[in-house]
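Beneath this line is the structure, given in structure tokens, with notes to follow.
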């Protein structure tokens, strides 16, 4: 019995030593891991909810891919995490979430919503030195606020408006054109630059009107546009179907032209609109699906993990995350100001093209796609590969 007792005691003591060593090793490993939280602000409810959810899914796929790379900084493994918050497409909610992101120590933020909401929180992030990247807000004013922390990975409204105006003037040279915008930063500047491109190329704008960005009543704005061959609308894609329906109720046969991001991937061509939409033209500030390198793999992963169909702007949400990861690697730091500085210097090959920024924070080589509805389907008619300054 004594022999057994001593043997058991010795084994227990040995086990305790080994356990202690393993605990110390485990603790050391835990200390060698650092977390990089990336904020993702998007509407998750309401009419834009599915759009925001799809973007968050794509961002999570990018996070997963980044973590598979086992990125280290100063010998410590970095684990990236996504913090998704709903702004309900409301600027006041966006401000609350922005303050929460700063308080919880995110290393960077993706603002996936409209230009107004993105601008409402830019100073908060600037004061904290936190980079704010948008894959959806195309209004040029977003990057004209004077902050070093604002970045955009799509083309902006000034440039997009010019390209779409040039296309319309060249393709339909003898058509009368009416212009309506919804007074948002993106809608107004898009309409301004579309109109400028028309007049600079010898055309005329027969009328210019505006509506509120929440309205679905376009009757008053269409009074002066009733004889137009083309009606351009600078606004949100959720307003496009009500506008087209109003045009047809008034007996207008005019072609609708738009620069609303996401119009070709939304439910614009729903059964109550599709029969009226042939000829409609829309510009998107990104590549079509079949031009996006690696798109099939992302689409497959999206279906497998989230059981969800993908939409046009998902690759941009993926690229926004990967741009931040590239900046972290370049900066070799999780300090937000250092990541921001690195974003100004990166050249990252993303799914949607080369991601690098000019001094203002705009994408240096944006890409635009122009589509037209033909036989109730969106058909690509032109791709414009641009450079800033043009």
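The values are calculated or read from the model by the stated rules, or taken from the named source; none is laboratory data. Predicted, not measured: the structure shown is a model, and the values here were computed from it. Here Cβ is always computed from backbone atoms with ideal geometry, including for glycine, and neighbour counts include all displayed protein chains.
Here are some notes:
- Test: residue 194 is outside any strand (DSSP E or B) and surrounded by 24 or more Cβ atoms within 10 Å (Cβ to Cβ): yes
- Evaluation of residue 241 against (1) buried (at least 16 other Cβ atoms within 10 Å of the Cβ); (2) within 18 Å of the chain's Cα centre (by Cα); (3) at pLDDT below 95 (one fails), failing number: (2)
- Consider segment 199-220 and keep the residues that are in contact with a strand residue (DSSP E or B) (Cβ under 9 Å, 6 or more places away or on another chain) and assigned to a helix (DSSP H, G or I). The one that is surrounded by the fewest Cβ atoms within 10 Å (Cβ to Cβ) is 220.
- Note on segment 326-349: residues that are touching a strand residue (DSSP E or B) at 6+ places or on another chain (Cβ under 8 Å) and either in a loop (DSSP other than H, G, I, E, B) or at positive phi (or both) amount to 6.
- Within segment 350-390, the set of residues being in a loop (DSSP other than H, G, I, E, B) and over 17 Å from residue 154 (Cα atoms) comprises 375, 376.
- The one condition from (1) at pLDDT 95 or above; (2) closer than 20 Å to residue 84 by Cα; (3) buried (at least 22 other Cβ atoms within 10 Å of the Cβ) that residue 317 does not meet is (1).
- Among the residues of this structure, residue 117 does not count as one that is under 29 Å from residue 61 (Cα atoms) and in a strand (DSSP E or B).
- Scanning segment 275-287 for residues that are surrounded by fewer than 18 Cβ atoms within 10 Å (Cβ to Cβ) and under 17 Å from the mean Cα position of the chain (by Cα) returns no hits.
- Failed criterion for residue 357 (all others in (1) at pLDDT below 95; (2) touching a strand residue (DSSP E or B) at 6+ places or on another chain (Cβ under 8 Å); (3) within 30 Å of residue 34 (Cβ to Cβ) hold): (1)
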